[in-house]
Amino acid sequence: MSESFLGDGLIFEESLPVAWVQGTLAEGLLLARLNADNQQLLGAESSLDEVRVHEALKDESPALLHELQRLEYKVNILLRLVGELAVRSSGLPTPQRVRLSARGLEWFGEPAPPAGATGLLSLYINPALPQPLRIPCVVAGHRMIDAARATQLRFVGASEAVVELLEKLIFRHHRRLVAGARLAAS
């Protein structure tokens, strides 16, 4: 497969826990449940990164806003601790290098399923949330990148809401990388 498998947009490249189970593609109610779960998980993940001050509270006292931010910080700490405990008790798959777009993923890991295989990808996108994205996929092919074999998985049946939230996740990741690079340069 070509270099453009993931498209021309931004790419989320990271080492993340990932697992693959070969099987038939989800359909009907099962696919709807996977999409609903993925949408909920992606929404929760985005809320962990953002500090939001609701428009209705902008005219409130600074003390109230400070207290709300302090409470949000504490809730985020609790979520991370609960996530760590859940990971310790259940264990996660080994982190492996992935390149993620909103419509597919390149996975640098073993075992590499054969081209044309279908199955379910489990991708853990945030250590504070030990629940994985579970996305039906078809193996589109394989290619060599930096002397490593990449398995190319094309997402099948992801709802538009899930695709949009994946795009936002990738953009937030890119924004953090750019901000980190600016801080390192200064």
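All of the numbers you see were taken from the coordinates with simple rules; none came from a lab. Bear in mind the structure is a predicted one, so any value in this text is a computation, not a measurement.
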Can you compute the helix-only [θ] at 222 nm over the chain? Use -39500 (n - 2.57) per DSSP H run of at least 4 residues, normalise by all residues, nearest 500 deg cm²/dmol. -14500 deg cm²/dmol
Report, in degrees rounded to the nearest 10, the 0 to 90 angle that the Cα long axis of helix 28-49 makes with the longest principal axis of the chain. 40
Rounded to two decimals, what ratio of Rg to Rh does the range 3-185 give with C-alpha atoms and a Kirkwood Rh? 1.02
Helix 62-90 vs. the chain, principal-axis angle (Cα, 0 to 90°, nearest 10): 30
